[in-house]
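Notes follow once the structure below has been shown.
The values are calculated or read from the model by the stated rules, or taken from the named source; none is laboratory data. Please read all numbers here as calculations on a predicted model, not as lab measurements. Note that each Cβ is placed from the backbone with ideal geometry, even for glycine, and that neighbours are counted across all protein chains shown. In case anyone asks, the SASA skips ligands and DNA or RNA and just uses the protein heavy atoms, side chains included. Shrake-Rupley method; radii C 1.70, N 1.55, O 1.52, S 1.80 Å.
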Amino acid sequence: MACSATTKPLLNLEISQSHRPKKPLPLFFCSFTNRPRLSPKTLCSQAKDYCKIDIFSSPSLFCSRKPRFQVAAQRDYSSGEEAESLGPDSAYQERFSWSSVILPFLFPALGGLLFGYDIGATSGATISLQSPELSGITWFNLSAVQLGLVVSGSLYGALLGSLLVYPIADFLGRRRELIIAALLYVLGGSLTAYAPDLSVLLVGRLLYGLGIGLAMHGAPLYIAETCPSQIRGTLISLKELFIVLGILLGYFVGSFQINAVGGWRFMYGCSAPIALLMGIGMWSLPPSPRWLLLRAVQGKGYLQEYKEKAILALSKLRGRAPGDEASEKQIEDNLLSVKSTYVEQESEGNILEVFQGPSLKAFIIAGGLVLFQQITGQPSVLYYAGPILQSAGFSAAADATRLSVLVGLFKLLMTWIAVVKVDDLGRRPLLIGGVGGIALSLFLLSAYYKFLGGFPFVAVAALLLYVGCYQISFGPISWLMVSEIFPLRTRGKGISLAVLTNFGSNAIVTFAFSPLKELLGAENLFLVFGAIALSSLLFVVLYVPETKGLSLEEIESKILK
């Protein structure tokens, strides 16, 4: 027994010495100039050995002097979608300057802002486009189906873009994907602005939507893979805020141009300069270092060449000297963790895995949330805010668009509250309270159209209640839970299916709103949406778990098993 007590710590010491410095100093103080270069063969061999170490059976790893690099450091870089911030006891805290973080976040986030801008601009453009005096065209008399195609055209493009990018995303890389998205935004926005007839207008809307599909896939991946781990969750949560900022910007532009002849052209065309800025910005940024390492591990080129590119990319992202020692050490550790993950997995799996076992349970939760997010009428309220306010008594186009700006400001405020409070209050309380408020607001809208027509401010109050409740529930929390709930093995495919579900249901609801409103009447349509909202409340109460405070591994082991 005495011998056993002395050998085990020695073994632990030998293991830890082979993978980290003797003293757990912060990364930026360490020197790694004498560290030997590892060949791909040696690196792979070490990765295999590293994976087989049963660190959890070693008590010395959990003593008071905790090492800087544990298995959590592997988890931190094992998935691009993983936005979990690791504490100082489980992984090192990287030193960074906020000035070096802003641009790698801002330029990808402009892709989300342009998505939101399309929603806000369309609200005013639908009024301008159908006005005999202000449209500036002879084909302004659009049918309900034609109007539905104009409004939902970008969403069908986004759905198509999501389908197209799924098999080629790893080939393109996050940076090139976002550059292509920016080009599609510029082309789509410009074509829509100068459209001589309806068919060209619809083509422009489709191209713009292709940009949305690529941007909404590439932006969160680039942000997650390039920002420091300790602020990753915050930055990804702010993506929803940028979408809301885009909606608000679209409302502002619509309010200023609503009385101009052909104002709808300016509303749609104003997106092109922003998209051009996004494209130039992404061109100036380096590729994602983790994507470069993935290409190396996948055997798409020489490992050493990709590793050197990744070191230079990380140095540029952090504002350091090219090829500095800290970046080199971080890339070597990242490469080891990425390679060990691939060694552990015999294959990448197939799409059917999402519909099996724990992944199926996760898809029911995530897919249900993004589906109810759309079929409770959210696209209709946002895209048709202007027309709804007009029909609610604010007949002047300028009055309707100014009130749309008020709706956008309120939406921005409530989104910020949700981002700040989601980790304090939890997911379920915000979802239950928010969805209940959505149902109430939809019944209020129905009641207004039925027998409260003499009180137009009821419609405004109902819209504000809807927007506020949506932004503290379905808005940010649906996508937060989508990123949390899937097991690591199927996370990429599961999130892709959730995105497809979102854009598909969004496009259908947006397209169907105008014809259904004509067929059923606004009062009955909002009554239907209210009934669906009650069903979604029941779904949340019965099926959606609370994930606050749980790590991704705990969600997989405690909730999905």
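Within segment 194-223, being open to solvent by 10 Å² or more (accessible area, probe 1.4 Å) and of a type in the set (Gly, Ala, Ser) holds for one residue alone: Ser199. Summed over segment 137-182, residues that are touching a Gly at 6+ places or on another chain (Cβ under 9 Å), open to solvent by 70 Å² or more (accessible area, probe 1.4 Å) and more than 20 Å from Thr510 (Cβ to Cβ) total 2. Of all residue pairs spaced 6 or more apart or on separate chains, none has beta-carbon atoms under 8 Å together with a first member in segment 101-121 that is without any contact (Cβ under 8 Å) to a residue 40 or more places away in the chain and a second member that is polar (S, T, N, Q).
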